[in-house]
Amino acid sequence: MIFAAAENLLRGEITATPRPRTCVLLGASGCALAGLALGASSGEWRLAVYAAIKVPLLIVLTAALCMPSFYVVNTVLGLRDDFALACRGLLAAQATLGVMLGALAPMLIFLSLGTNDPYAVTLLDALQFGAATWAAQQVLARHYRPLILHNPRHRLALRGWLVLFAFTGMQLAWVLRPFRGTEGFGVQFLRAEAFQQNAYIVLLEHFARLWR
Amino acid sequence: MSANTPPEPRPSMLGMLDRVLRGGFTQREVLAGGRIEVPVAGLVRLSLLLGAGYGISLGCYSLFGGAPQAWLQMLASALKVPLLFLLTLVVSFPSLYVFAALQRLPLDFRNTLKLMLLAIVVHLTVIASLGPVFAFFAASTTSYPFLLLLNVAVFAIGGLLGLMVLRRATRDIFTPPSAAKTTAPVAPPAAVANPETTPETSPETPATPAATPWPATVTTARISHQGAEQARRLMGVWCCVYGVVGAQMGWLLRPFLGSPDAPFEWFRQRDGNFLVAVLSTIGKLFHP
């Protein structure tokens, strides 16, 4: 049943998209599976459980933080009548992201087993999330195509959502570390400095170091 | 009004906000009458509430940073954000109205004020809706320059959407529905029909037959184009005046965020200006 729903989500047309509750279930299970795989790679079962909670949390909290402004922007752009359809598209995209992350989890474990280099492992994680984001974009584009044809302003609202979601999601992912666990650090749900650092400043510092 | 007609129910704050965001008060047909049917007091109340909402999320930085007088900073920010908008309007409105009158904006003083307040409410709603995102960054970041720049970005996004609403409304005011919807043929203006005053009668260009009326689409296009041009000019002046006053007002009312290295203060000493401060903050991101 759940596989049929996932199949409908990935293959089907907009009308075949599963119900919102099923989308949430699909997305959450896929994200939890991916979290389990990430955490299990450390060999610590507690970290696996933590990560299985944190990956779905990351997606849900990011969406919750960005939703008020998405609502306001849609209203100001005169797109409120299509808001339910837009939200359905976003939900389908998030569910696809989860399904894809879950589907990639076994491959991630397999590849992680043969890799000790932490940079290579980080690259693998980035590739996994990149592939899942690409899949989510496909579904989102499918849902948004008729909306954009109906009113081209939907493109602007969608771009705004994507920028804000990525901007907020990156910082939240930084706060919710560790997902994999690092040697020398104990098993913990959140790092002690979780609320002290900013992902973008760390990134800038890394680039500044490369520049020097 | 007859005694039998029941009084129109007063819209709730949320209902009014919803109508503002949907552009219900700035529809072309409504604006054509030169009246915006929205109470000024209601718009001011909405501005105060929405501004206070975003101010509270600004104050979260002091709260999560463990500043000694965090609640005071939160209160100060909640008061200062709406004040920033309303004081900027008080200072700049006389000149904004004069420019509007010079451009022959068919709105009187009160209705021009309402139009400005509508744009301010949209601006404040957008920044208030980004409040949760800002509060999250305030809770998870200790970098003061980053949050300052994020605050500037939030204000800029809100400002862009507010301007979009204002631009749409001014364009609709300058292009009345009669011009937009004309279907019957319209006679050309006298000046155009007169061959002596018309450039079309020069030997290089064929003359327009005076007896042939202009098609409605040509008239409509001309009026629309003229209206759009007037709206563009007025918006340019309004943006400059309001932007300069707003930026300086924001600079005078700071701190909105409260520096972690400084004790709480309602206002800072007057020095420098907004633009220099933004550039120096970008520099501090790279060289803390």
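Points worth noting:
Here's the yes/no breakdown for (1) more than 22 Å from residue B:161 (Cβ to Cβ); (2) charged (D, E, K, R):
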| site | (1), (2) |
| --- | --- |
| B:22 | no, yes |
| B:62 | yes, no |
| B:70 | yes, no |
| B:73 | yes, no |
| B:77 | no, no |
| B:83 | no, no |
| B:103 | yes, no |
| B:111 | no, no |
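- In segment B:101-124, the residues that are over 17 Å from residue B:41 (Cα atoms) and buried (at least 23 other Cβ atoms within 10 Å of the Cβ): B:123
- Subset of segment B:137-153 [without any contact (Cβ under 8 Å) to a residue 60 or more places away in the chain and surrounded by 23 or more Cβ atoms within 10 Å (Cβ to Cβ)]: B:137, B:141
- Under the condition of being touching a Ser or Thr at 6+ places or on another chain (Cβ under 7 Å) and of a type in the set (Phe, Trp, Tyr), the residues counted in segment A:115-167 number 1.
- From the list A:120, A:136, A:173, the lone residue that is under 13 Å from the mean Cα position of the chain (by Cα) and under 23 Å from residue A:50 (Cα atoms) is A:173.
- The one condition from (1) more than 24 Å from the chain's Cα centre (by Cα); (2) basic (Lys, Arg); (3) at pLDDT 90 or above that residue B:80 does not meet is (1).
- Residue pairs whose Cβ atoms lie under 6 Å apart, separated by 6 or more positions or on different chains, with the first residue in segment B:38-66 and more than 24 Å from residue B:15 (Cα to Cα) and the second at pLDDT below 95 and not in a helix (DSSP H, G or I), are B:58/B:256; B:58/B:257; B:61/B:257; B:62/B:258; B:65/B:260.
- Output for segment A:2-14, where each listed residue is assigned to a helix (DSSP H, G or I) and touching a residue at least 24 places away in the same chain (Cβ under 8 Å): A:2, A:6, A:9, A:10, A:14
- Test: residue in segment A:177-184 that is assigned to a loop (DSSP other than H, G, I, E, B), under 25 Å from residue B:61 (Cβ atoms) and in contact with a Leu (Cβ under 9 Å, 6 or more places away or on another chain): yes
- Selection from segment B:109-137 of residues that are within 14 Å of another protein chain (Cβ to nearest Cβ) and among the polar types (S, T, N, Q): B:125, B:129
- Condition met for residue A:164 (away from chain B (no Cβ under 14 Å) and either of a type outside the set (Phe, Trp, Tyr) or free of Cβ contacts under 8 Å to residues at least 12 places away in the same chain (or both)): no
- Count - residues of segment B:92-131 that are over 17 Å from residue B:232 (Cα atoms), touching a residue at least 24 places away in the same chain (Cβ under 8 Å) and of a type outside the set (S, T, N, Q): 16
- Residues within segment A:15-66 that are aromatic (Phe, Trp, Tyr) and either surrounded by fewer than 18 Cβ atoms within 10 Å (Cβ to Cβ) or without any contact (Cβ under 8 Å) to a residue 60 or more places away in the chain (or both), tallied: 1
- Residue among B:106, B:82 that is part of a helix (DSSP H, G or I) and either within 14 Å of chain A (Cβ to nearest Cβ) or under 25 Å from residue B:240 (Cβ atoms) (or both): B:82
- Boolean, residue B:128 is surrounded by fewer than 21 Cβ atoms within 10 Å (Cβ to Cβ) and either part of a helix (DSSP H, G or I) or under 15 Å from the mean Cα position of the chain (by Cα) (or both): no
- Test: residue in segment A:127-147 that is basic (Lys, Arg), more than 30 Å from residue A:82 (Cβ to Cβ) and in contact (Cβ under 8 Å) with a residue 24 or more places away in the chain: no
- Residue A:197 exposed (fewer than 15 other Cβ atoms within 10 Å of the Cβ) and closer than 30 Å to residue B:63 by Cβ: no
- Residue A:171 within 14 Å of chain B (Cβ to nearest Cβ), farther than 23 Å from residue A:82 by Cβ and surrounded by 14 or more Cβ atoms within 10 Å (Cβ to Cβ): yes
- Residues being surrounded by fewer than 21 Cβ atoms within 10 Å (Cβ to Cβ) and either under 10 Å from the mean Cα position of the chain (by Cα) or within 14 Å of another protein chain (Cβ to nearest Cβ) (or both) - total across segment A:83-101: 1
- Which numbered condition residue A:142 fails, given (1) more than 11 Å from chain B (Cβ to nearest Cβ); (2) farther than 27 Å from residue B:126 by Cα; (3) of a type outside the set (A, V, I, L, M, F, W, C); (4) over 21 Å from the mean Cα position of the chain (by Cα): (4)
- Against the list (1) without any contact (Cβ under 8 Å) to a residue 12 or more places away in the chain; (2) under 27 Å from residue A:2 (Cβ atoms), the condition residue A:116 fails is (2).
The values are calculated or read from the model by the stated rules, or taken from the named source; none is laboratory data. Just so we're clear, the structure is a prediction, and the values are computed from it rather than from any experiment. Here Cβ is always computed from backbone atoms with ideal geometry, including for glycine, and neighbour counts include all displayed protein chains.
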